[in-house]
1. Which members of the stretch B:219-233 meet the condition of being at pLDDT below 90 and either open to solvent by 50 Å² or more (accessible area, probe 1.4 Å) or acidic (Asp, Glu) (or both)?
2. Quick check on my filter: what residues within the stretch C:425-444 are open to solvent by 10 Å² or more (accessible area, probe 1.4 Å) and among the hydrophobic types (A, V, I, L, M, F, W, C)?
3. So A:Leu296 passes all but one of these: (1) at pLDDT below 90; (2) outside any helix (DSSP H, G or I); (3) farther than 30 Å from C:Thr260 by Cα. Which condition number does it fail?
4. Any residue at all in the stretch C:184-193 that is under 23 Å from C:Phe533 (Cβ atoms) and either open to solvent by 50 Å² or more (accessible area, probe 1.4 Å) or touching a residue at least 24 places away in the same chain (Cβ under 8 Å) (or both)?
5. From the list A:Ser15, A:Ser21, which one is within 14 Å of chain B (Cβ to nearest Cβ) and modelled with pLDDT under 85?
6. Across the stretch B:74-93, which residue is surrounded by the fewest Cβ atoms within 10 Å (Cβ to Cβ) among those that are over 19 Å from B:Gln163 (Cβ atoms) and in contact with a helix residue (DSSP H, G or I) (Cβ under 6 Å, 6 or more places away or on another chain)?
7. Looking only at the stretch A:45-80, which residues are without any contact (Cβ under 8 Å) to a residue 60 or more places away in the chain, more than 9 Å from chain C (Cβ to nearest Cβ), open to solvent by 40 Å² or more (accessible area, probe 1.4 Å) and not aliphatic (A, V, I, L, M)?
8. Name the residues in the stretch A:101-124 that are away from chain C (no Cβ under 14 Å), over 26 Å from the mean Cα position of the chain (by Cα) and not polar (S, T, N, Q), would you?
Amino acid sequence: MTNQSVKDDAGALGSASAAPSLRARRRAGAWRRTRRLFVRVAELMAVLFLVSLGTFALLSLIDTDPAVTILGEGHTQADYEAVREDLGLNDPLLERYADWLGSAAHGDLGASIVPPYHDVLDRIMAALPVSVELALLGVGMALLFSIPLAMWSAYHAGGRIDRWISAGTFSVLSVPSFLAGLLLIWLLSNGLGWFPRAEWSRLDEGLGANLYHAFLPALTIALAETALLTRVLRSDLITTLQEDYILAARAKGMGTVHIMFSDALRPSSFSAVTILGISLGRLIGSTVIVEYLFALPGMGTLVVGAARTGDYVTVQGAVLVIALIYVATNALIDLSYGYLDPRVRRSHA
Amino acid sequence: MGRPLLVVENLSAVITTGRGPLTAVDGVSLSLDRGEVLGIVGESGSGKSVLARTIMGLHCSDPRFALSGTVKLDGRDVLGLEPSQLRAMWGPEVGMVFQDPMTALNPVKRVGTHLVEAVRKHQQVTRRDAVGQALDLLDMVGIPDPRRRINQFPHQLSGGMRQRVVIAMALANRPKLLIADEPTTALDVTVQRQILDLLDRLRGELGMAVIMISHDLGVVAGRTDRVAVMYGGEIVETADARSLFDAPRHPYASALLAAIPSLKGAPHQRLAAIDGTPPDLVMPPSGCRFAARCDAVHDDCRVQPPQLIFDGTHGTACHYPVNPLISTASNTSGDT
Amino acid sequence: MNRKMLQLRSGPALVALVTTFTVLLTGCGSTDKSETPAKGKFEYVDGMVGSHDDAGEKPADGGTLTYSGLTEPTSLDPAMTIASASTGGVEMAAIYDTLMRYDSEQKVFVPQLAKSLEANEDQTEWTLTLREGVKFSDGTPLDAAAVVKSQQRYAQNRSPEAALWNGNVQDANPRDDLTVVYTMKAPFAWFDSLLSSGPGMIVAAASGPVGPGFKPVGAGPFTLKEQRPGEELLMESAESYWNGRPHLDELRFVYLGEQTTAQDSFEKGSIQAGYFRDPDIVDTLLGEGVRGYSNLVAISDTALINASEGRPGADPRVRRALQLAIDPEIVRNRVYDGHGYSSPRIFPEYSRWYTPDVKVLEPDTNEAKKLLEAAKADGYDGKITYLDSNTSASRDTGQVIKAVLESVGFKVEIELVQTIADLVSRMAVERDYDLAGWGLNYREADPYSKMFATLHSTGTQTYGMATSPEMDAALEKLQGAPDDATAREALGEIQQAYNDTVPFLTWMPFAEVSFWADNVHGIKGASNSMILFDQAWVG
């Protein structure tokens, strides 16, 4: 504290003499940043390695037999054994993992071991946009709903509106997502007929149609996320609203809405943003229930379908991609903290 | 001189707490002329901050506060204003400097933003002009290299710098009245002096009236025209600064002055602290609120609450003031 | 408790209460949209259902028809995938067509892609005559050589009905370009049925061998345009089809997961046709008079009894007790809410193969108890495990079976595996089960094929079930039955052999129905619940 004030006062005096050291400082800063980036990448690699190894090991424990999927029923033990041998399923685990890792490092995630033997990366690239879109839309909607709700709630903390919103979010949180989806379908799709039931319109077939089809599933996801975000944001907002700088802003004559969005929101968003990041990452992989309800061709459907048929190669590839996205999303969230709270920024000083 | 800028009459603020209604401000009256500096002195819990904020009108829409009395700023009763009128008033008519510069500035907002948004709220100017004004403000409050500072975040400034920004923020729209609530309490001693000098200078330049609130007599000495001493939610003594410091009449004011450590005193001399604690304002004692801690207490002090009685411009609320004065008690005082 | 506590003073509490109530309601109540019909309110028919008054309407050209299948076929190779409506048969039939098809009105097999099929007197020689000028979609001719090649490919790979083919067909000889003569090992009456399913789907040489790299090239009315797994399967009409380009431009197959989802979509018009099997949905749509093609499939819902040594089912008294303990009506009521059709008889009253003179094992809990006592007296502890996959119907069935069996003295443990593949592994491959929930699917069109595989001592799909020389003999009689009457006789003997051996448990046949919208016409029925779109059009 005191050191800084001395430095600042010194800075006021001798700005001219600081020029050469500024360049040196910048170079030092650049090196520090590069090193940090490198560390980050190394962390990412470590996570992916552990996740893929763990998944591989776990998958080997599941004994859904791809030979059964390939041959169907009615064949002899020997037949199935032969297929399993062909697929290399009797080779040692680490050897198979090393093989897979070798290819994966080159971007080759292999091909499905059951018909129609699709390339795993191709299938993931087809399914991923659906899940990503759903997750983003769902979370986006949730933000759209939860910010005003939380603000309203926090502003009237303890009042009637607050209690109603609290009860509402509590109820929504208690309803599991498949049930929420079913209720929404019953109401908006079958009931009022506003939305389609089990169709998907790809993005390249038109944005309007795509968003129309994505609305109901995204809303299903958004409900639970809204409830969670609202509660967390409300809590942080209430704390923030008691800060002196809010009072100071009022004393400047700033209006309530301005104070809410401009002053109160960002400092209160840490918990919410953290949860958002976790949710986004989690949703990419676990929209499976919503996908199943609405018959959508996303990652959840892909992974569950592959797991059901014993197609471990596809599951492995999909989990890797999901882990990658998860880590990337959380890294982005980490970076965003610097935007949200400048005190966190590791600036050159 | 014309009509006083600020006239507070019988202002009371009662806060609903878990334990019951707490009378933070009880029947306070004061007035302030344009350009005048009033110092309000009192210990923690005396109600001075609540008084300041109530005068400003910050508690008007708070359902926990029950306000009575009037606060006339330039003839308009602040307590009767609509929220939009209050918001229009905060900034151009009255501004507040807060105690803790660490928390009075929003950590996620740049210094410049704090100032620019204040300017643009009350003036129809372009962003560019507003930024220009912000730079001028930073200069005015004595911040060197304003072009660099304007884009920095509060945590990148020292405590003193930050308080200067808070002041700049309060002055952005040239208010007629500046309320400074313990403006130096959170700062180092050397910086305190700088800030107080700054406030002096600005007052002179802008011709503002100032209410300076502090628990520290040293802050108030020599920099105010008038002083009011608060205790237990009431004003117990008020006078022009000179008179009060030369000859305080209320035992509390007198004790406060006596408690200031002096360089002239003998070494290892004990601090003349005031025994006891402030009164419970939910259930205030009957009679004089200072009675429990007063050295010169008499029996009727505990029964009859004293009124603020003026001798010229010097008001005292005590049955047995410590300096010669017409007392309200029937017996004349025999003590010092 | 004072009044204040009873009053709902808080609005939010009310909200929470209402939500909870709604949740409970939707949980408890069924999502069933129809009233429960009494059994026999409408007739269960093997063939076309709903009003089919298309006469006089001129077919319109163009359009896309969307059909929802039960599960997505992993492979479109008939040498790998079973040719039935629930497993990708409709998709394959669109690409390859079938040589023969089942006519449910006449109850005979008639030529579809082929020109004719004749058997000699004792059904030891079948002559297939092809149409002239039939080409695969890649331009190569579908001639006798191509047919034989495709069927060899079928027989030599581990295809679903390869065992049946190899067990019956001695030789396939292309006599000339358009004629193939098949010599049977023994009189075989059901060869025409074989040519209406897997072996009757002719794959072009260009498709390649079985395995990765397989491309579906056939001579059917449609060609595969695009296969997007998990999403849809797109086909477009083939110019090269022998009967001219079909009316429809495109066929779209989707797989919607739950049948209720498909039902919703069908009612909304997002899909124009779909395959349904859930008894309550089928009953609803039948009750509404929706048009469709229905196949009644016997022993579609059953439990196999493992009669291998060491298993409870090794003791015939135990097997008999199991069947006697179960009242099919109870299953129908408790698992399917009173929908569908129950019967202790393999081919019930509605069937072409109904054998009224042969008695069946009617439910008799006292007899069941006695038999079980006798088995216990010899050391059996009464414990038995029921294995099934983890669907809601399976769970319900398991619970009902458990309750019913325990009421006669069994001790039942329910074991559920995650996927069908796991169930097949445990039951079919490892034979590690006591009782296993399954479907044997004996068809009206051709009861022999599946019965042989599942009940004959040399069958490939017995999976440990009990067999007997009487059953073998009856099956062999069925194999060569020259007419319906003989076939019925043989089936009577099979029922009798069943009564004596009880290899599996009988309680329900299912109706497998493809329903389609009112504006869809021209769909033809085929074997194994499949439908053909070569003459379909959308009005």
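1. Passing the criteria: only B:Gly222.
2. Residues satisfying the conditions are C:Val429, C:Trp438.
3. So the condition that A:Leu296 fails would be (3).
4. Going residue by residue through the stretch C:184-193, those that are under 23 Å from C:Phe533 (Cβ atoms) are C:192-193.
Add one more test, that the residue is either open to solvent by 50 Å² or more (accessible area, probe 1.4 Å) or touching a residue at least 24 places away in the same chain (Cβ under 8 Å) (or both), and what stays is C:192-193.
The answer is yes; a qualifying residue exists.
5. Numbers: A:Ser21 fails: within 14 Å of chain B (Cβ to nearest Cβ).
Residue meeting the stated conditions: A:Ser15.
6. Keep residues of the stretch B:74-93 that are over 19 Å from B:Gln163 (Cβ atoms), which gives B:74-90, B:92-93.
Of the ones still in play, those that are also in contact with a helix residue (DSSP H, G or I) (Cβ under 6 Å, 6 or more places away or on another chain) are B:90, B:92.
Values: B:Trp90: 26, B:Pro92: 17.
Within the stretch B:74-93, the match that is surrounded by the fewest Cβ atoms within 10 Å (Cβ to Cβ) is B:Pro92.
7. A:Phe49
8. Residues of the stretch A:101-124 away from chain C (no Cβ under 14 Å): A:101-109.
Checking the rest, the ones that are also over 26 Å from the mean Cα position of the chain (by Cα) come to A:102-103.
Listed by number, the list holds a single entry, A:Gly102.
The values are calculated or read from the model by the stated rules, or taken from the named source; none is laboratory data. Only a predicted model underlies this, so the values are computations on that prediction, with no experimental measurement involved. Every residue, glycine among them, receives a Cβ derived from its backbone with ideal geometry; neighbour counts consider all protein chains shown. Just the protein is used for accessible areas: all its heavy atoms, side chains included, with ligands, DNA and RNA removed. Shrake-Rupley method; radii C 1.70, N 1.55, O 1.52, S 1.80 Å.
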